[in-house]
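For reference, the structure is listed below as C-alpha cells.
The values are calculated or read from the model by the stated rules, or taken from the named source; none is laboratory data. Owing to the predicted nature of the structure, the values given are computational and were not obtained by experimental measurement. Cβ coordinates were reconstructed from backbone atoms using ideal geometry, including for glycine residues, and neighbour counts include every protein chain displayed. Areas reflect the complete protein model, heavy atoms only, side chains present, ligands, DNA and RNA absent. Shrake-Rupley method; radii C 1.70, N 1.55, O 1.52, S 1.80 Å.
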Amino acid sequence: MKRKIKWGILGCASIAKVRTIPGLLKADNAQLYAVASRGSRKAEEFQELFRAQKAYDTYEALLADADVEAVYIPLPNSLHCEWVKKAAKAKKHILCEKPLALSEEQVREMFDVCQEEGVLLMEAFAYRHAPLIQKVKELIDQGAVGKVKYLESHLTDVLTDMSNIRMNQDLGGGSFYDMACYNISAISYLLGFKEPVRVKALQEISQEYKVDVSNTALLLYEDGVQAASYSSLNSYPRGYYAIIGERGRIEVPCNFNCRYIQKFTVTSGGNVDNVEILDEEKTEHTVMCPDNYMLEIEQFGRCILEGEKPLVSKEETLLNARILDRIFEDVKG
C-alpha cells in the first residue's frame, strides 16, 4: 500500500473545513491525523466531523506530536510567519495558506528557517495545481494568441459578515491580501514569472474597518506587456482572467478554485473592417478539473515522499510577495 503522510491541521478555519480537509481526505497519499484549535470545542467538532485520530486544544500540542509529519496552516494572514517558524522548528513540513506572509522580508525569513530545519514549505495556491490554468499556460507558450500584450485578472465577492477576519486590519485583512494575491499569482505564472518594471495601484478603504475593500493594480513589464488586477470584497462575485496577444485572445470565465467541467475560449483570425471585427474563429476548450485541494495535498505529499519539487516554488512566492509590497508602497505614496 502507498505510504500516507500524517497531516495535522493548525486551526479550524472555514477554508480548512469546506475545501482543504475534504481534499486531503480524497488524496491517495495523505491521512488526516490531528486537528488543533485554541480551545477544545472546535477541535473536537472537527475531529468528529472528519474522523481525525487526535484533537488538540493548542497549536503547540499538535506540533509536539511526533507522529505529525506535515501541517496545513489556515490561520489569519498575520499569524502565518510565527506559526510557520514554530512548525519548522518542530520538524514538520508545511503547507501554508496564501498569502504566505505580509511582506517579502517575512517570506525570506520563513524559507530560511525551513531550510535550516530541513523541512519543506509551500504556499497554498490550490488553483495552480489545476489542469485549467495549466492548459491556458500551455496554449500561451504554444503561441495560440501570438506575443502576449495584455493580461487581466479579476476576483471579486460581496462580504456581508463584517466580523470576518478579512475586515480586521490587525489580522492582515483586506482585498489586496485575500483576493489580489490570486490575480498577481495568475498574472506572474502566465507571463513566465517576469518582474514588472513599474507598478501603479488604487484602492477603496473602509473608513470603519481601515482595510482595502476594493483595488486595482497595473503592472508594466520591460517588453511592453501590461497587466491589470481588480479585486474586491464589495463587488458582484466573479472569477475571470483574459490574455490578449497580437493574434488572438483567451478568455477564462471561471473561478480560480473551480471544479468539474470548465470551459474557456480562444479567439483568433479576425480582421477589422472599419469598426467591425469580422471572420473571428472561436475555439472552445473543455477541461475537467478534479478537486484542486486534493491535487495540492497529493503534490506536496510527493515532495515529501519522493523528492518532487513544490509546484509553487520559493521563487514564485517571493515574486508574489514582492509585487504586493510594491503595490502597497504605491497606494501609500
### Message
Could you give each residue of segment 33-45 its phi-based ³J(HN,Hα) in whole Hz, using Karplus coefficients 6.51, -1.76, 1.60 with θ = phi - 60°, and x for Gly or Pro?
### Response
9, 9, 10, 9, 8, 7, x, 6, 4, 5, 4, 5, 4
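Over segment 225-333, average the accessible area per residue using a 1.4 Å probe and give it in Å², no decimals.
Numbers: 5580 Å² over 109 residues.
Here the per-residue accessible area is 51 Å².
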### Query
Which value, in debye to the nearest 20, gives the size of the charge dipole of segment 13-146 about its Cα centre, when Lys and Arg are +1 and Asp and Glu are -1 at the Cβ?
420 debye
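If you take the square roots of the eigenvalues of the alpha-carbon gyration tensor of segment 112-266 and sort them as a ≥ b ≥ c, do you get rounded (a/c under 1.5), prolate (a/b over b/c) or oblate?
Judged from the Cα gyration tensor, segment 112-266 comes out prolate (a/c at least 1.5, a/b above b/c).
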### Message
Please report the carbon-and-sulfur percent of the accessible area for the chain; probe 1.4 Å, protein heavy atoms only, DNA, RNA and ligands left out.
### Response
48 percent
### Message
Suppose all protein chains stay in the model; what accessible area per residue would a 1.4 Å probe give for segment 1-97, in Å²?
### Response
44 Å²
### Task
Please report how far the C-alpha centroid of segment 128-163 lies from that of segment 266-333, rounded to the nearest whole angstrom.
5 Å
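Once fully extended, how much extra length lies between TYR209 and LYS147, figured as 0.36 nm per residue of separation less the alpha-carbon to alpha-carbon distance? Spell out each step's value before the answer.
On the way: separation 62, 0.36 × 62 = 22.32 nm, distance 4.24 nm.
Net length gain for the segment: 18.1 nm.
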### Task
May I ask you to derive the relative contact order of segment 1-153, considering only C-alpha pairs under 8 Å and at least 6 residues apart, and to give it as an integer percent?
18 percent
### Query
Which entries in the list LYS2/LYS42; LYS149/LYS282; LYS98/LYS194; LYS6/LYS194 go over 26 Å, if you measure between the two C-alpha atoms of each?
LYS2/LYS42; LYS6/LYS194
### Query
In vacuo Debye scattering of the chain, one point per C-alpha: log10 I(q)/I(0) at q = 0.08, 0.13, 0.14 Å⁻¹?
-0.39, -1.00, -1.15
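Per residue, how large is the accessible surface of segment 119-200? Use a 1.4 angstrom probe and give square angstrom.
Values: 3000 Å² over 82 residues.
Accessible area per residue, segment 119-200: 37 Å².
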